[in-house]
Amino acid sequence: MLKLNPFALAALFTSFSCLWIAGIFLIYGKNTLHRLWAIFNLTAAGWAILIVFAVSTKNPDRALNLWIFAHMIGIYVPIVFFHCASIFCNLKAKKLIIAAYIYGILHNIVSLFYVTILYQGVTYLFDSMYYIQFNKANFIPSMSLWIYLAFYANYKIFIFSKNSPNKELRKQAQFFLIGGIIGYLGGSSTFLPMLGFSSFYPLTIVGVAFYCLSNTYAIFKHSFFELVVIYKQSIVYSILIAMVFLFYVVAVLVLERFLQDFIGYNSLSMSIVVSFIIGLLFVPFKNWIQNYVDNAFLKGTPYQISEENTLLRQELTSADKLRSIAILASSLAHEIKNPITTINTFADFLPSKQNDSAFLNKCRQTLLHETNRIQQLLTQLLSFAKPSPPVFQAIRPQEIIEEILLLLEHRCDKQHIKIIKTYPTQELILADPNQLKQAFLNILLNAIESIPQEGRLIITTSSNATSYFISIQDSGIGIKSDELKKIFDPFFTNKENGTGLGLVISQEIIHHHNGKINVKSTPNVGTEFIISIPKYIKGAND
Amino acid sequence: MSQKILIVDDEEGIRESLKLILSDHYELILTDSGEGALELLKHANDVGVVLLDIKMRKVHGLDVLKEIKTKHPKINVIMVTGYKSVETASEAARLGASGYIVKPFKSEEILTIVEKNIT
């Protein structure tokens, strides 16, 4: 079990941060730049994790070897970084890139076989770890390309961030640059104790993690490197909170060290105070981050988003409605042409026939009839276009049917229509009584009108576990199979004075109630409409 | 022999309108369906022009047109419609319609087109 000192902890955090970025680019990456950026982050993660082991071991030889391995990987950090920068900024730097990789390999060879050229060995620093020491005389010549590449790459990104014609790319370049500078400052600060600045405790390695944080932000907010990530909000929260929290812990550890060095304190009570502060700040901090993430990445909190979704759904429904109304309106325009033609013609003949009383009579009769028709069409259209908002309540459908039959009784008597009713079910449905009345009325009127002389009207209710069924069966003339498909089309009618809207409205209302309307018909035998509506189950529908 | 005009429309208002426009100049026969028109044409051999509605409740006007042109190729058929559609117009022309009138129409239009088509 490793006993991690604060520096090791910071390096571990750094390593995980880099793995996180590498993971995103490996999973969602699409092109060379993405894969290369994943490799860059894996390199940084490998470097950091080797440092974790190097500064945690109590064996100086092992520490030296681990440090050397860390630097053997770390040497590729600026190389791959530069490679990425050259792709991102469209640099023509093939030779420099090849030279850089060769330099990396040479550095590795020297590290393995000529260790003393680069390093003096390890010293025990901060009373807790073995820290590698550079051979100061060789540091500049051996690390010159490392330093040059780091500066040159960032310089090129800086130029690109100023000059690129693409605004989004400029934004990405800024993040690339900020992340790069902070990362490099953080990473290279670990060199300071290696160069003799033995009082500098290099917790600044978390600068690399900072770079990861800014990179994460850039990925989600600005599609960094054009990376498109389909992500879950909750994951972004958790990761960001975890990263900030870890950062917090590291900050506390720094504070502890500081206090330990300059004031001297009781470790346990200090830890309790720190935990208390973290505990107090954690929830507001977490909420703040969540809100920030919501606003930055998702343009709204979950509540706002759900509200927006509701609005969208309403818009879709009304768009759907508008579409049907558009169909209705265009059909209506066509339907109205007939009465307009008639009215026009009669008006045209009025001056020349003003003394012809037979014509005047006919004219009056015809005009009234035609305006009546227009009126009727409009009323039907309006009732469809603007239904009053439904008021749902638990009702028995047979009560609605009884109310309508009361209105139609006289008509049925006159036509010698026998009504046979069977209501075996007493169950309830959730419905708007007024709307349902309209729906049933249209169907019942059709049924009655389809019966030529005398006949039967059979109304039966039934139910199963979930639905309530109402069957309306007539002994009328029936509907031909090719016409059966059209009966729910606006303005389809077989009646002399029909508008062809009745069944359209009925269907619309039944659909409003999450119900279905089916029709079966045999010419000269009759038609059966079966309406099914979900049953009202107390508790479930409330 | 003066030729008669057959008016085929299931809208009473349109029939009455056409009657109003044409009755002072021509002898008219009116019917409210395509079947009625075909039945009438079997017996009446003095019909010169048919004014035929396209959108009727039972049989479609274009089907009636086809039938009339097959059985009575000499009769000129003028289509009357509320639709201003190129497809229907060209289909009507292809089937042998002599004219095409769009509702709402003017009296003069009707008189002109009928006069042109009566032989």
Reach of residue A:538 by Cα under 12 Å, taken over aspartates and glutamates that are not fewer than 8 positions away in the same chain: A:427
When the range A:1-103 is reduced to its Cα atoms, the Kirkwood hydrodynamic radius in Å: 14.6
Area projected by the alpha carbon convex hull of the protein assembly as shown, averaged over all directions, nm²: 50.0
Fluctuation leader among B:70, B:31, B:81 - chain B, Gaussian network, Cα springs under 10 angstrom: B:70
Residue A:90 versus residue A:514: modelled label distance in nm, points set 7 Å from Cα along the beta carbon direction: 5.7
³J(HN,Hα) computed for each position of the range A:467-484 - Karplus, 6.51 cos²θ - 1.76 cosθ + 1.60, integer Hz, glycine/proline x: 10, 10, 10, 10, 10, 10, 10, 10, 9, x, 6, x, 10, 5, 4, 6, 8, 4
FRET efficiency, 1/(1 + (r/R0)^6) with R0 25 Å, evaluated for residue A:127 and residue A:285 via beta carbons: 0.15
In nm, spacing of pseudo-spin labels at residue A:105 and residue A:378 (7 Å Cα→C-beta vector): 8.8
Separation in nanometres of the label points that stand 7 Å from Cα toward Cβ, at residue A:136 and residue A:115: 2.2
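For the range A:1-97, which trypsin sites (Lys or Arg not before Pro) are in a loop by DSSP, counting at most 12 other Cβ atoms within 10 Å?
Sparse-neighbourhood loop trypsin sites (Lys or Arg not before Pro): A:3, A:30, A:58, A:92.
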Shape parameters for the range A:73-169, alpha-carbon atoms, Rg then Dmax in Å: 16.9, 53
Amide H partners (placed H, <5 Å) of residue B:47, local residues excluded: B:4
Nonlocal amide H pairs with residue A:455, under 5 Å, H built at 1.01 Å: A:417, A:418
Residue A:170/residue A:241 FRET efficiency (R0 30 Å; Cβ-Cβ; nearest 0.05): 0.50
Debye log10 I(q)/I(0) for the range A:44-119, one point scatterer per Cα, at q = 0.15 Å⁻¹: -0.58
Antiparallel content of DSSP bridges confined to the protein assembly as shown, in %, to 5: 55
FRET efficiency estimate (nearest 0.05) - Cβ-Cβ, residue A:356 to residue B:85, R0 45 angstrom: 0.75
Rounded if a/c under 1.5, otherwise prolate or oblate - chain B, Cα gyration tensor axes: rounded
Relative contact order [Cα under 8 Å, 6+ residues apart], the range A:405-535, whole percent: 28
Extension gain (nm, one decimal) between residue A:423 and residue A:483, 0.36 nm per residue minus Cα-Cα: 18.5 nm
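Just so you know, all these numbers are worked out from the coordinates, no wet-lab data involved. Worth saying up front: this structure is predicted, and the values here are computed from it rather than measured. In this analysis, Cβ positions are derived from the backbone assuming ideal geometry, glycine residues included, and neighbour counts consider all displayed protein chains.
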